[in-house]
1. With a cut-off of 8 Å between alpha carbons and a minimum separation of six or more residues, what is the relative contact order of chain B in percent?
2. When the helix-only estimate is applied to chain A (DSSP H runs of n ≥ 4, each -39,500 (n - 2.57), divided by the residue count), what is the mean residue ellipticity at 222 nm, nearest 500 deg cm²/dmol?
3. Counting only other chains, and only Cβ atoms inside 10 Å, what mean value do you get across the residues of B:48-55?
4. Measure out, as a whole number of angstrom, how far apart the alpha-carbon centroids of the stretch A:1-77 and the stretch B:14-66 sit.
5. With charges only on Cβ, +1 for K and R and -1 for D and E, what is the dipole size of chain A about its Cα centre, in debye, rounded to 20?
6. What is the helix-to-structure angle for B:16-25, meaning the angle in degrees between its Cα long axis and the longest Cα principal axis of chain B, kept from 0 to 90 and rounded to the nearest 10?
7. Please give me the summed charge of the neighbours of A:Ile50: other residues whose Cβ is under 9 Å from its Cβ, Lys and Arg +1, Asp and Glu -1.
8. Lysine pairs in the protein assembly as shown 8 or more apart or on different chains: how many have alpha carbons under 21 angstrom apart?
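Each reported figure results from applying straightforward, stated rules to the coordinates on display, with no laboratory input. Keep in mind that what you see is a predicted model, and the values were worked out from it rather than measured. Positions of Cβ are generated from backbone atoms using ideal geometry, with glycine treated the same way; all protein chains shown enter the neighbour counts.
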Number of protein chains: 2
Amino acid sequence: MSYGYLGSMKTKPGHRDDVVSILLSGVDGLREHGCDLYVVSVSDTEPDTIWVFESWRSKDAHAASLQLPETKEAIAKAMPMLTGEFSGQETTIVGGLGAQH
Amino acid sequence: MSYGYLGSMKTKPGHRDDVVSILLSGVDGLREHGCDLYVVSVSDTEPDTIWVFESWRSKDAHAASLQLPETKEAIAKAMPMLTGEFSGQETTIVGGLGAQH
């Protein structure tokens, strides 16, 4: 079954869309590293929050992706625009529409 | 841009997998009602919680789906197994791998 990750992060005011751009810039390369879904979303009701929903072929694939040079570069670029408030939940994806499991 | 919904629900002990089955039973029909993603997940660390990540072509499509007879039937079947603790966050999906936006 696939490894899921439900994450959110807070950005400093006015920087949400910059961080969204950074997150989306690396998306093309994710599939070859074992990622099936990497969905970025925002909300008008919480204008400084970004949600990311991820599905990976394994927990190891997700962990390995964090060590890629391009991931490290993206994190370094985004970090100054984040407040440091994160939430994260690891899950096991059991099925559904659009799910690889 | 797509309408996203990040939801979680708590089940009474021992009923998580029954509720998962109910959620997954209706998945085949969702696409024709405007749903692109409906991903159900669980976690060993919170054994009585179910997470659902949804992407719909519009907020209206999501709202309309809740009025479908098959949805109402599924909700009625699951409700006695739920504790009543829910969380939900509406979002706007801005992009990513596997995202329709």
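1. Over chain B, the number comes to 46 percent.
2. For chain A, the value works out to -7500 deg cm²/dmol.
3. That average works out to 5.
4. A separation of 22 Å, based on Cα centres.
5. Its charge dipole is roughly 160 debye.
6. Roughly 40 degrees between the two axes.
7. Charge balance near A:Ile50 sits at +1.
8. 10
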